[in-house]
Amino acid sequence: MSKNDIVHMSVKERLALMEELWASFERDNLEYPVPAWHEEVLEKRAQKETSNFIPFEQAKQNIREALDAYRDS
């Protein structure tokens, strides 16, 4: 698949492709290191009183539900 192929896909098709790519990481049990600066940013955000953090599994579920609703629309 080329960049040109992706450019011509609908938003719905690109979202489905992106979801499949992320699922492939899970299936292959790939571990990808988190850069230290990401952890620093998250730590600073978590310390703010206004942070609205939710557990990662809940965030993934929210995204799945939003994608499902988008596909069904």
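The values are calculated or read from the model by the stated rules, or taken from the named source; none is laboratory data. What you are looking at is a predicted structure, and each value in this text was computed from that prediction instead of being measured. Every residue, glycine among them, receives a Cβ derived from its backbone with ideal geometry; neighbour counts consider all protein chains shown.
For Tyr70, the requirement of being among the aromatic types (Phe, Trp, Tyr) and outside any loop (DSSP other than H, G, I, E, B) is met.
Residue by residue, here is whether (1) modelled with pLDDT of 90 or more; (2) closer than 24 Å to Lys3 by Cα; (3) surrounded by 10 or more Cβ atoms within 10 Å (Cβ to Cβ) holds:
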residue	(1), (2), (3)
Asn29	no, no, no
Val34	no, no, no
Ile63	yes, no, yes
Leu67	yes, yes, yes
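Of the residues making up segment 1-42, just one is farther than 24 Å from Glu65 by Cα, acidic (Asp, Glu) and in a loop (DSSP other than H, G, I, E, B), namely Glu31.
Only one residue in Arg14, Arg45, Arg71 is surrounded by 10 or more Cβ atoms within 10 Å (Cβ to Cβ), in contact with a Ser or Thr (Cβ under 7 Å, 6 or more places away or on another chain) and of a type outside the set (S, T, N, Q), so which one is that?
Details: Arg14 fails: in contact with a Ser or Thr (Cβ under 7 Å, 6 or more places away or on another chain); Arg71 fails: in contact with a Ser or Thr (Cβ under 7 Å, 6 or more places away or on another chain).
Criteria check complete, one pass: Arg45.
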